[in-house]
1. Choose one answer from S84, S30, S103: the residue with the largest mean-square fluctuation in a GNM of the chain with alpha-carbon springs under 10 Å.
2. At a 1.4 Å probe radius, which order do Y166, Y133, Y67 fall into by accessible area, largest first?
3. Residues of the chain: accessible area per residue at 1.4 Å, in Å²?
4. Dipole size in debye (nearest 20) for the range 58-163 around its Cα centre, Lys and Arg Cβ +1, Asp and Glu Cβ -1?
5. For K142 and E176, compute 0.36 nm times the residue count separating them, minus their Cα-Cα distance, and round to one decimal in nm.
6. Averaging over every viewing direction, what projected area does the convex hull of the Cα atoms of the range 77-148 cover, in nm²?
7. I want the local charge near P90. Using Cβ-Cβ distances under 15 Å, sum +1 for each Lys or Arg and -1 for each Asp or Glu among the other residues.
8. From Cα pairs below 8 angstrom and at least 6 apart in sequence, can you work out the relative contact order of the chain, rounded to a whole percent?
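The values are calculated or read from the model by the stated rules, or taken from the named source; none is laboratory data. Because the structure is a prediction, the values reported are computed rather than measured. Here the Cβ positions follow ideal geometry from the backbone for every residue, glycine too, while neighbour counts run over all protein chains shown. Just the protein is used for accessible areas: all its heavy atoms, side chains included, with ligands, DNA and RNA removed. Shrake-Rupley method; radii C 1.70, N 1.55, O 1.52, S 1.80 Å.
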Amino acid sequence: MDKSKIRKRILKLRKKKYFVKKFINFKIVSKILKLNKKNNGVIGAYYPYNYEIDIIEILEKLEKKKYKIALPKIKKNNQMDFYSWSFKEPLYINKYGIPEPVSKKKNYPNILFVPLVAFDNQNNRIGYGGGFYDRYINKINKKKNILTIGFAHSFQKVKKIKTNKYDIKLDLIITEKSN
């Protein structure tokens, strides 16, 4: 099945099942943060949109533990960068309807939380098709190694995702069934 068919099917299913159960798996995230000793205290995250896994409670806990949070801003040519954000600061809605930070302070995370539409056993992911995260991960990996973590419901898993040279695997994908 091609990516666009998988994307359409999973997005429909995700919308239907979104309110079924609350997804919070802070214990796993906490373990990951402990393993990542070189962490500079900056977590690149996403603000949930279009029935994505709601990680707001996780981000609130991380901010209370003195981690800095950075959210993406969409740039020209399907590029994005991450900018500092705190729960005390406002967000604005970009042209895609996604909340973005007002801050002009660019931040380079060591850990990147990545939204996804579908994933497979090899940690390949399908996003919305714009390639924003693949390009960003490729760009930042040239400067430093980052830990990439996807968040999804287990029903978003598919048998196999056909990849191309631009697709970048995630290091880890966390679902409600992860422990």
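1. S30
2. On the way: Y166 150, Y133 25, Y67 50 Å².
Per-residue accessible area, sorted high to low, gives Y166, Y67, Y133.
3. With all protein chains present, the chain gives 58 Å² per residue.
4. Values: 23 positive and 7 negative charges, 74 e Å.
Dipole size: approximately 360 debye.
5. Numbers: separation 34, 0.36 × 34 = 12.24 nm, distance 3.18 nm.
Length gained between K142 and E176: 9.1 nm.
6. It is 5.8 nm².
7. +2
8. Values: 301 pairs, mean separation 39.5, N = 179.
Dividing the mean separation by the residue count of the chain yields 22 percent.
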